[in-house]
Each structure stands twice: as structure tokens, then as C-alpha cells.
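**Student:** Pasting a structure below so you can have a look.
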Amino acid sequence: MKRWRTASLPGLTRQSILFRRKMDARVKPAHDEIKLPRRREFVTLLAGAAAWPLAARAQPGEHMRRIGVLQGLSESDPEWSRRFGAFKQRLQELGWTDGRNVAFEFRFAGGKPERLPALAAELVHSAVDVIVTNAAQPIEAARKATSTIPIVMASVGDALGAGYVASLARPGGNVTGLTLVATDQSAKRLQLLKEIVPNLVRVALLWNANASGHRLQLQEMERATPALGIVLQSFPIRTADDVQGSLQAAVQANAQAIVTMDDPVLQSQRARIVAFAMAQRLPVMSEFRPATEAGTLMSYGPNQIDLWRRSAAYVDKILRGANPADLPVEQPIKFELVVNLKTAKALGITISPSVLAMADEVIE
């Protein structure tokens, strides 16, 4: 598969140093008289020696901390490996190394959201210092499991609209992190699809009815469709087992294209969605890059790997004593349009030069 990118796209504390200088000053050559410190000086030295371990504990490497990771995808999913790799690398750059001063507790739902409440409860029971997760259902499971352990959102559709935080500037609870504000991108995906697929009218939408962010995106899309001359056909799913039936229903409804909202449930089924769509010669617009790498026509949305990398900064601050209620929720800074030309050719679709010029990556 050929790809090309367009032009657009622990040290000593001050106290311990002073302590060592004092001690060095008292070390005399063997032929000199050794003077014992007076009582007041001796007490001062003892206080400094006792304080050093307390200060050192604030330095990475001296105290093992435990990070709980709640993930909707399976452990073997290559996309998960890339996201966690970016997160782990950034943590190490910030001074936290796996096995030295941090340990990870993983829980994977494997695309089965019904497992999430029990998995979140396990992490809380294991007394982790912080929980990192992404997407609406894992975040909601973590919130129900604990109101005290900090929860870092690596990404979620709309944290404010879903009620996970009181405001972006002051979250106000135990949840903070990054929100996609995905509702703002939903209309853009429809516009891109309309530009690529001639005479597009009927669009099937696959979305997770249990995901609060998806419900918000649906509302945004419904507001955008009249101006685009599109009829949106809604096919909600609740589990991975619902995907095949929804795809077949879309064909029966004479859908001309499919749009997916990519949460862990639908992402875990991306190969199935691509195989079905190609057999039916239906173009698919997805939300994130992994689906387009699997064979959908294109995707437009935030770079998830970058979001996971940025979430490490929240974990770093929380492990150093910051209150999640005071850490502002941030938004994506990297959006990417990925086009799969191989899929386009197989479907007989010509991608206009204007769309290719906007693309951050083209897969051939």
C-alpha cells in the first residue's frame, strides 16, 4: 500500500544539596581534629535528612504510581497499539517510565460495551491513581464506578454536551482531558461526501445509540441535511452484533452511501463494514483514519494518536498533585482528511483535484 502526504499536512533537591554541602564542610583530613556538631546543628541536620525523602517522593522514579487504562477496543487491535504507544512515549518524556515509577493496569472490552461497567469497577477496586480512557461508553462506565479517582479523557465526542464536565475551562469534578467537539465536524463530513459522490441523496448513518456523543452528532447532521439536499437514514446499533443487520437494512432502503460514527464498537467492526460496503459498491465516509486504512473511501476528524499523546500531560499533572477539577478541557489541534484512492478506483469514483488538495494523506 503506497501512501503520500500533501504539503499541508531524578535529580537532587535544593534542600538535599544544602545538606550535602554542610556534611562535606564537616569532613576533615585524618590529621585534623574532628569536631562534633553542636546540639542545635545536629538537630538541624537530622531535620534536613528526614525531609529529603519527602521531597524526593515528588520526583519521578522514587514512588511507583498506578495508571488504570479502560479501553473499548481489543488489546490486539493495531490502532490501540499505536495510540497507547504515543501515550506511553509522551509519559516517558515527562519522566514516567513503565516498571520504574509507573505501572499500568489494563482492562479491554474488545468491542463489547456491556463489559465496561465490571471492568471499570475492577480498576477502582485495584486502587489506581488515575484512569485513562476514551469514548462515551467507557467514560460513562468509569464515572459511574468512581467520583474520586481522577479520570482522563483521551478523547470523547462532546464532553460538555454530554454533561461529563461543568465547563471546558473548569471541569469541576474528577473528569478532565480532551473533547473532540465532534458535532462541529459532522456537517463537514456530509459536505465532503456530497462533493465526491455525484447525485447523492440517500445517506445511511451507522451510529451507537448508547453513545451520548453520537446522539448529539445525529442532531447536528439532521440540521445540516436540508441545505445539502440529503435524506439521512438513521440505523442505530447498540452492540457489535447489530452491525450486519443495520448494513443490510441500509441496502434495502436504497442508501447511496454510508456514514459511520466511529466509537470502539463500530471501530471494532471496521473490517466487516468495509467488506460489506465494497460488495455492495457503497462508498463509506468514516470519522477516523483507521477505518480508511481498512478500506473506507475517506475519513475526516481529529488525529486520535495525537490526542492520546496529549492526554499524557494530564496524567503527568495529576500524578504530581494537580486537581482534575482545575485542569481545563482541551480540544483537538490536528484534523486530518484521509482519502483511499484504491477504494475510489474500485468503486469507480473520481476524487476531484480540490478534495485531493485538501487531503492530509492519500492511500493508493
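**Student:** With +1 on each Lys and Arg Cβ and -1 on each Asp and Glu Cβ, and nothing else charged, work out how big the dipole of the stretch 169-259 is about its Cα centre, in Debye to the nearest 20.
**Tutor:** Working: 8 positive and 6 negative charges, 34 e Å.
Magnitude of the dipole: close to 160 debye.
**Student:** Compare the peptides 203-212, 330-339 by average per-residue count of other Cβ atoms within 10 angstrom and give them in order, highest first.
**Tutor:** Result, highest mean first: 203-212, 330-339.
**Student:** So for each of 154-160, 317-323 I average, over its residues, the number of other beta carbons within 10 Å; can you give me the resulting order with the highest mean first?
**Tutor:** Order by mean packing, descending: 154-160, 317-323.
**Student:** Also: Hey, got a sec? Which trypsin sites (Lys or Arg not before Pro) in the stretch 255-286 land in a DSSP loop and have at most 13 other Cβ atoms within 10 Å?
**Tutor:** Qualifying residues, ordered by number: ARG281.
**Student:** With +1 on each Lys and Arg Cβ and -1 on each Asp and Glu Cβ, and nothing else charged, work out how big the dipole of the stretch 56-197 is about its Cα centre, in Debye to the nearest 20.
**Tutor:** Its charge dipole is roughly 120 debye.
**Student:** Looking at this model, which pairs from LYS144/LYS334; LYS144/LYS188; LYS88/LYS334; LYS194/LYS342 are more than 23 angstrom apart at the alpha-carbon? Spell out each step's value before the answer.
**Tutor:** On the way: LYS144/LYS334 31 Å; LYS144/LYS188 33 Å; LYS88/LYS334 19 Å; LYS194/LYS342 19 Å.
Among LYS144/LYS334; LYS144/LYS188; LYS88/LYS334; LYS194/LYS342, the Cα-Cα distance tops 23 Å for LYS144/LYS334; LYS144/LYS188.
**Student:** Would you kindly derive the ³J(HN,Hα) couplings of the stretch 108-123 from the backbone phi angles with the Karplus curve 6.51 cos²θ - 1.76 cosθ + 1.60 (θ = phi - 60°), listing them in order in whole Hz, with x for Gly and Pro?
**Tutor:** Each residue's phi maps through the Karplus curve to give 10, 8, x, x, 10, x, 5, 7, 4, x, 5, 5, 5, 4, 4, 5 Hz.
**Student:** Taking the Cβ of SER126 as the centre, find all other residues whose Cβ is under 14 Å away and add up their charges (Lys, Arg: +1; Asp, Glu: -1).
**Tutor:** Working: positive: ARG65, ARG66, ARG107; negative: GLU105, GLU122, ASP129.
Overall, the nearby charge balance is 0.
**Student:** Would you kindly calculate the translational diffusion coefficient of the stretch 116-265, applying Stokes-Einstein with the Kirkwood radius from alpha carbon pairs, for 37 °C and a viscosity of 0.692 mPa s, and quote it in µm² s⁻¹ without decimals?
**Tutor:** Rounded to a whole number, D works out at 197 µm²/s.
**Student:** Follow-up question, since we're still on this one. Run the numbers for ALA249 and GLN219: contour at 0.36 nm per residue of separation, minus the present Cα-Cα distance, in nm.
**Tutor:** 8.7 nm
**Student:** Hey, could you get me the Stokes-Einstein D for the stretch 226-364, Kirkwood radius over alpha-carbon pairs, 10 °C and 1.306 mPa s, rounded to whole µm² s⁻¹?
**Tutor:** Roughly 94 µm²/s, to the nearest whole number.
**Student:** Right, next: Would you please report the Å³ per residue occupied by the convex hull of the alpha carbon atoms in the stretch 267-326?
**Tutor:** Per-residue hull volume (Cα only) is 93 Å³.
**Student:** Rank-order 242-253, 345-356 by packing density, defined as the average count of other C-beta atoms within 10 Å over each peptide's residues, highest first. Present the calculation step by step, with values, prior to reporting the outcome.
**Tutor:** Details: 242-253: 16.0, 345-356: 12.4.
The most tightly packed comes first, giving 242-253, 345-356.
**Student:** Averaging sequence separations of C-alpha pairs under 8 Å and six or more residues apart, then dividing by the length of the stretch 128-184, give the relative contact order as a whole percent.
**Tutor:** The value is 35 percent.
**Student:** Related question: How high is the relative contact order of the stretch 88-143, in percent, counting Cα pairs under 8 Å that sit 6 or more residues apart?
**Tutor:** Relative contact order comes out at 27 percent.
Every number in this text was worked out from the coordinates using simple rules, so none of it is lab data. Values in this document were obtained by computation on a predicted structure and should not be read as measured data. With ideal geometry, Cβ positions are generated from the backbone for all residues, glycine too; neighbour counts draw on all protein chains shown.
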